[in-house]
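Asks: Submitted below is the structure of interest, expressed as structure tokens.
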Amino acid sequence: MGSQVRASEVSVGEELGAQSFPIQRVDLVRYAGASGDFNVIHWNERVATSVGLPNVIAHGMLTMAMAARVITDWVGDPGALVEYGVRFTKPVPVPDDEDGATLRVAGKVTELLDGNRVKVELTVTCDDTKVLGMARAVVQLS
């Protein structure tokens, strides 16, 4: 499956479709099982708050992966994401209720590169707090 976005149709400043991703405690359990990361701060509120966290927090790599979906949904091919990096700036607290947390992700093309590649920057927030910094990717287009 190739990229569905053509480099000739993309310009600097183009915005990717912003998305919101709900995160509930059950998602943390599933991610822990899939990743093998059973760190207690991701499932035990008593321990998480005792070490200074506001609540149980989402796994950083889960947050990073959810944010990347804005890019892969935009380009239409997960394999088109050739570089991706972030800084974890703030935790994503996940309350134990029916709402959990909501990750909000917006993206924008910031640079056109050689070889039909583009740079994309993401803005990733939870409760109006930026949770990922320097969230940047290089995407291979058709």
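Asks: With respect to the numbered conditions (1) more than 14 Å from V124 (Cβ to Cβ); (2) in a loop (DSSP other than H, G, I, E, B), which one is the sole condition not fulfilled by G33?
Replies: For G33, the failing item is (2).
Asks: Kindly indicate whether any position in region 112-130 is part of a strand (DSSP E or B), of a type outside the set (G, A, S), over 21 Å from P22 (Cβ atoms) and in contact with a Gly (Cβ under 9 Å, 6 or more places away or on another chain). Full working, then the answer.
Replies: Here is the first cut: in region 112-130, the ones part of a strand (DSSP E or B) are 112-113, 117-126, 129-130.
In the following step, the residues that additionally are of a type outside the set (G, A, S) were identified as 112-113, 117-126, 129-130.
With over 21 Å from P22 (Cβ atoms) added as a condition, the list becomes 112-113, 117-121.
Checking which are in contact with a Gly (Cβ under 9 Å, 6 or more places away or on another chain) leaves us with 120-121.
There is at least one residue in region 112-130 that is part of a strand (DSSP E or B), of a type outside the set (G, A, S), over 21 Å from P22 (Cβ atoms) and in contact with a Gly (Cβ under 9 Å, 6 or more places away or on another chain).
Asks: For region 44-81, which positions are in contact (Cβ under 8 Å) with a residue 12 or more places away in the chain and in a loop (DSSP other than H, G, I, E, B)?
Replies: Listed by number, the residues that qualify are N44, L53, P54, N55, V56, A58, H59, G76, D77.
Asks: Please determine, by comparing only the residues of region 68-93 that are charged (D, E, K, R) and over 28 Å from V56 (Cβ atoms), which one is modelled with the lowest pLDDT. Quick ask: steps written out before the conclusion?
Replies: Let us first name the residues in region 68-93 that are charged (D, E, K, R), namely 69, 73, 77, 83, 87, 90.
This time we only want the ones that are over 28 Å from V56 (Cβ atoms), so: 77, 83.
Details: D77: 93, E83: 98.
It comes out as D77.
Asks: List every residue pair whose Cβ atoms lie under 9 Å apart, where the two residues are 6 or more positions apart in sequence or sit on different chains, the first residue falls within region 1-30 and is under 17 Å from V70 (Cα atoms) and in contact (Cβ under 8 Å) with a residue 40 or more places away in the chain, and the second residue, located anywhere, is hydrophobic (A, V, I, L, M, F, W, C) and loosely packed, with under 12 Cβ neighbours inside 10 Å.
Replies: Pairs found: none.
Asks: For the subset of region 1-30 comprising residues that are assigned to a loop (DSSP other than H, G, I, E, B) and among the aliphatic types (A, V, I, L, M), which member is surrounded by the most Cβ atoms within 10 Å (Cβ to Cβ)? Spell out how you get there, then give the answer.
Replies: Just the residues of region 1-30 that are assigned to a loop (DSSP other than H, G, I, E, B), to begin with: 1-6, 10-14, 24.
Now narrow it down to the ones that are among the aliphatic types (A, V, I, L, M): 1, 5, 10, 12.
Values: M1: 8, V5: 22, V10: 18, V12: 11.
Applying the filter and picking the extreme gives V5.
Asks: In addition: When only residues in region 1-59 that are in contact with a His (Cβ under 9 Å, 6 or more places away or on another chain) and of a type in the set (A, V, I, L, M, F, W, C) count, which is farthest from V109 (Cα to Cα)?
Replies: In this case the residue turns out to be A48.
Asks: Which of the residues spanning region 61-82 are of a type outside the set (K, R), within 17 Å of Y31 (Cβ to Cβ) and surrounded by fewer than 17 Cβ atoms within 10 Å (Cβ to Cβ)? Before the answer, list the steps.
Replies: Filtering region 61-82 for residues of a type outside the set (K, R) gives 61-68, 70-82.
Still in the list and also within 17 Å of Y31 (Cβ to Cβ): 61-68.
If the condition is that a residue be of a type outside the set (K, R), within 17 Å of Y31 (Cβ to Cβ) and surrounded by fewer than 17 Cβ atoms within 10 Å (Cβ to Cβ), then M61, A65 are the ones that fit.
Asks: Give G107, G85, G100, G33 a once-over and let me know the one that is touching a residue at least 12 places away in the same chain (Cβ under 8 Å) and surrounded by fewer than 15 Cβ atoms within 10 Å (Cβ to Cβ). Step through it out loud before you land on a result.
Replies: On the way: G107 fails: surrounded by fewer than 15 Cβ atoms within 10 Å (Cβ to Cβ); G100 fails: surrounded by fewer than 15 Cβ atoms within 10 Å (Cβ to Cβ); G33 fails: touching a residue at least 12 places away in the same chain (Cβ under 8 Å).
Just a single option satisfies the conditions, and that option is G85.
Asks: Select from region 88-97 the residues that are part of a loop (DSSP other than H, G, I, E, B) and in contact (Cβ under 8 Å) with a residue 40 or more places away in the chain and write down the one among them that is surrounded by the fewest Cβ atoms within 10 Å (Cβ to Cβ). Give the derivation first.
Replies: Initial filter on region 88-97 (part of a loop (DSSP other than H, G, I, E, B)): 89-92, 94-97.
With the extra rule that they be in contact (Cβ under 8 Å) with a residue 40 or more places away in the chain, the set shrinks to 89-92, 94-96.
Numbers: T89: 13, K90: 17, P91: 19, V92: 28, V94: 27, P95: 14, D96: 11.
Ranking the candidates gives D96 first.
Asks: Further question: Give region 123-142 a look and list any residue that's of a type outside the set (G, A, S), touching a Phe, Trp or Tyr at 6+ places or on another chain (Cβ under 9 Å) and within 18 Å of V75 (Cα to Cα), or say none. It would help to see each step written out before you state the result.
Replies: Taking region 123-142 and keeping what is of a type outside the set (G, A, S), we get 123-132, 134, 136, 138-141.
So of that shortlist, the ones also touching a Phe, Trp or Tyr at 6+ places or on another chain (Cβ under 9 Å) come out as 131-132, 136, 138-139.
Result: R136, V138, V139.
The values are calculated or read from the model by the stated rules, or taken from the named source; none is laboratory data. All values reported here derive from a predicted model rather than from experimental measurement. Positions of Cβ are generated from backbone atoms using ideal geometry, with glycine treated the same way; all protein chains shown enter the neighbour counts.
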